[in-house]
Amino acid sequence: MTATTDPVARNEWIAAGWLGQIAPGASHDTMILGQPIRITRTGEDSYRISEIGEDGSEGRELPIQTRYTCIFTTLGDPTRPLPEIHEFDEADRVVVGCGNVGVNTSPYRLVENFLDMAHFSFIHVDTLGATDKTEVLAYRTEHRKDVDEIWAVDCTFFQPAASKAVKGGQMTRYLYRVMSPFSVMLYKNISEDSDRNDAICVFIQPLTETRCLAYMPMAIVDNENTAADIADFQQSIFLQDRVILENQRPALLPLDPTYELPTRADASSIAFRRWLKAMDIRFGIYEKQAA
Amino acid sequence: MAPDQWNAVALDSQIRASSSNPVIVNDYALALWRSASGEVNAWEDRCPHRGMRLSLGFVEGEKLRCIYHGWGYGPDGQCKVIPAHPDLTPPKTICAQRHAVESRYGLIWTNLAEDPHARLPDLGADDGWEAVRSIFLNYAVQDARKAVMDDLVGWNGALSDGDVVTLELPDGTTLAAAFQPVDAGSTGVHFVARGPAVSAEGRHGLARQVVQLRARIENN
Amino acid sequence: MKITLYDYSLSGSCYKVRLMLGFLGLEYERRQVDFYPGRQHKTPGFLAINPLGQLPVLEDNGLVLRDAQAILCHLANKYDGDGTWLPRDPASFGPVMMWLMFAGGELMAASSARLHDVMSYDLDIEAARKSARSAFRVLDDHLTHREIDGGTWIMGDHPTVADLACFPYVALSGDGGIGHEEYPAIRNWLREFRKLPGFHAMSGISEYV
């Protein structure tokens, strides 16, 4: 595809690489929102990102931020800053990046899957869900207008093995936070101390409307497992979801609430779709053909 | 609007009890599923909840369960189970899109028209038909049909054209080829046979001949 | 007796060995290798264990083995008292070996397609999918004849290391954009394999049959 003209999508910060992906002095060609770009690592901690023109030459230079193990850029003038996630600044946490994983679907299908608890008992059997405990208890969603984010609060679900660090089943408490159409995270209450929630993010790089790369930086409280163990657990979970994501039809997200029918457990998905509709984003949205 | 037309989409014997299978007809994806008791259903391959392909689901008794959230649908298409809300009776509006389906001559047939009136192709008596095998050719259906006809002309037997191509073999066995238009570049051809050559040994022989037919068509 | 598996959860080849260990009821210790994104299998430390820089590796009482197919044969040879996973009779041994080599050879194109789609491996994806489809067709043709005989497995009346070795990358092929629409006999075989007692899934394969 060619680069999207959708101003809403263009004005978001988008993850385009992970720290460590490119060797010093080297460059890497990729794409955001249909626009080919080149990331060059100009020094140990410095990068340059440029659009690549049709003739293959480097054109306009794009803004860069490196945070949360990722390299972010944008095609437009971002209306919102990168989110603040203070857990990544706490020195005693394990921060894990997981590289990126390719997924052939629209970015919003990834966000919705991440927000969803009802699939745990079917897709994440014996880890995030048990086959005999499938109920999703009522939770609340909020549109936090000061930061223009969607939150889901008071979420609980029974989990046989909620993380690499947990032994045995428990009711896990979750807080979900959608920071942009292309980024979502959760705070997962593993221990008694709610200040020590695990923070798990998904930053999505939409290559095109139906092809994405997903980055999963995490800031985890875990004194036992190595970063590789934690990454392995998270990758295993994500590849269970990936099969679902690639087999949803259509890949583009339908915003018409009669086309895909939600229930109470989908409150966060409903709030997310309303929010997308209200911001009038067009990139990656399913426009049903007139009958 | 889908045409009022029956297409063979699988060999009946290969759609097992308690299974859900992906099938594509004219670019339209179907979940072809068979309940534990043997009832065959052809549904749009899309869960009404979040669009998950139902062909990746699993069959529990007479219900098809979506793999994503476990929603369970009865043969009438109605959602009966929503595991996230065990006490909820699912509203009537949650219903899978069903399509007409028939099992005849050892084949499973579907008609995607909203209100189908067309009749199934007539191959005479329904009993005695046995599966030979299915093949898939990288051609649109009209080209695949022509290629199969052109090859069967060289076999020893009497060839007849029709919705289903048939070949009367010298020993009295009828070999029938039914076509599944998949998309612009792919066609399924489902072969069944009736008569003296439908013993296991005879079917092995016919299946090998069909594979050779496929190889000849692809080498042309 | 002590068995150690150098393992990566998302590797279909490691999964072959985990399945075999599971079917045989063997206890083992798992050594997590950071295959992606760490590429730990290409580090000097790992190359000392397997100079080919590939997973899996199995250590069994001091014996160090690489290659999933070789490891399956080793485990079946040493620990399968019934001898059903690795038949020794002259009519079965050859065919089982033939399909075992096919699993480690032609079928690995499906693994390449998956590495491309999931982990952005730089390779010719259309060529990989085409090769995988050719291999799947060979397997589907074989299983179609097995169905005519009322058979379920690649060889004989019970699953062997050939079925086990072929299973993962066929079952996981959707991860690389290769569907099962054109392979009805393969679909039936996969479903029966998933119903085996002692079977366990991995990411990309459903627990529900």
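Nothing in this text is a laboratory measurement; each read-out follows from the coordinates by a stated rule. Predicted model, so just to flag it, every value in this text is computed and none were measured. Positions of Cβ are generated from backbone atoms using ideal geometry, with glycine treated the same way; all protein chains shown enter the neighbour counts.
Side notes on the structure shown:
- Other protein chain C-beta atoms within 10 Å of residue C-beta, averaged over A:119-130: 4.
- Here the Karplus curve 6.51 cos²θ - 1.76 cosθ + 1.60, taken at θ = phi - 60°, turns the phi angles of region B:179-194 into couplings of 10, 10, x, 8, 7, 4, x, 8, 9, x, 10, 10, 9, 10, 9, 9 Hz, with x standing for Gly and Pro.
- For C:LYS130, the lysines whose Cα falls under 27 Å of its own Cα, not counting residues fewer than eight places away in the same chain, are B:LYS146, C:LYS16.
- Amide H contacts under 5 Å for A:ILE52, placed H, 5+ residues apart: A:ILE37, A:ARG38, A:GLY59
- Under 5 Å, built H, 5+ apart or other chain: amide partners of B:HIS49: A:LEU261
- The count of lysine pairs in chain A whose Cα atoms are under 26 Å apart, excluding pairs fewer than 8 places apart on the same chain, comes to 8.
- Taking every DSSP helix (H) stretch of at least 4 residues in chain C, weighting each as -39,500 (n - 2.57) and dividing the sum by the residue count yields a mean residue ellipticity at 222 nm of -15000 deg cm²/dmol.
- For chain A, diffusion coefficient by Stokes-Einstein and Kirkwood Rh (Cα), 37 °C, 0.692 mPa s, µm²/s: 167 µm²/s
- At 1.002 mPa s and 20 °C, Stokes diffusion of region A:86-143 via Kirkwood alpha-carbon radius, µm² per second: 147 µm²/s
- Less than 5 angstrom separates the built amide H of C:PHE35 from those of C:GLN40, all sequence-distant by 5 or more or on a different chain.
- Shape analysis of the protein assembly as shown based on the Cα gyration tensor places the equivalent ellipsoid semi-axes at 44, 32, 26 Å, largest first.
- Trypsin sites (Lys or Arg not before Pro) restricted to DSSP loop in region A:152-221 with at most 10 other C-beta within 10 Å: A:LYS167
- Electrostatic dipole magnitude of chain A [Cβ: Lys, Arg +1; Asp, Glu -1; Cα centre; debye, to 20]: 580 debye
- Kirkwood-based shape ratio for chain C, expressed as Rg/Rh from alpha carbons: 0.95
- Table column - 3J(HN,Hα) (Hz), region C:84-95, Karplus curve with 6.51, -1.76, 1.60, x for Gly and Pro: 7, 5, 10, x, 9, 5, x, 6, 9, 4, x, x
- GluC sites (Glu not before Pro), loop per DSSP, at most 11 other Cβ atoms within 10 Å - longest free stretch of chain A: A:85-191
- Note on chain C: GNM, Cα springs under 10 Å; of C:THR152, C:THR160, C:THR84, the largest mean-square fluctuation is that of C:THR84.
- Placing +1 on the Cβ of every Lys and Arg and -1 on the Cβ of every Asp and Glu, with nothing else charged, gives region B:149-220 a dipole about its Cα centre of roughly 240 debye.
- Think of region A:1-156 as having a plus end and a minus end, set by charges on the Cβ of Lys, Arg, Asp and Glu; of A:THR131, A:ILE49, A:THR69, A:ILE49 sits farthest toward the positive end of this dipole.
- Each Lys or Arg adds one and each Asp or Glu subtracts one; over the other residues with Cβ under 13 Å from the Cβ of B:GLN212, this totals +1.
- GluC sites (Glu not before Pro) restricted to DSSP loop in region C:1-84 with at most 15 other C-beta within 10 Å: C:GLU27
- Mean residue ellipticity at 222 nm, helices only, chain A: -5000 deg cm²/dmol; runs of at least 4 DSSP H residues each add -39,500 (n - 2.57), and the sum is divided by the number of residues.
- Between B:SER160 and A:ARG264, the modelled label-to-label distance comes to 6.2 nm, taking each label 7 Å out from Cα in the direction of the beta carbon.
- With the alpha-carbon atoms of region B:130-219 aligned to their principal axes, the span from lowest to highest coordinate is 37, 22, 22 Å, starting with the largest.
- Under the Karplus curve 6.51 cos²θ - 1.76 cosθ + 1.60, θ = phi - 60°, whole-Hz ³J(HN,Hα) for region A:75-92, x wherever Gly or Pro sits: 8, x, 10, x, 8, 10, x, 4, x, 8, 10, 5, 4, 6, 8, 7, 5, 8
- Relative intensity, log₁₀ I(q)/I(0), of region A:17-105 from a Debye sum that treats every alpha carbon as a point, q = 0.11 Å⁻¹: -0.36
- The sum of -39500 (n - 2.57) across all DSSP H runs of n ≥ 4, divided by the residue count of chain B, sets its helix-only mean residue ellipticity at 222 nm to -5000 deg cm²/dmol.
- A Förster radius of 25 Å, combined with the Cβ-Cβ distance separating B:THR93 from A:VAL153, puts the computed FRET efficiency at roughly 0.30.
- Here the protein assembly as shown is assigned +1 on the Cβ of each Lys and Arg and -1 on the Cβ of each Asp and Glu. Its dipole about the Cα centre then comes out at about 320 debye.
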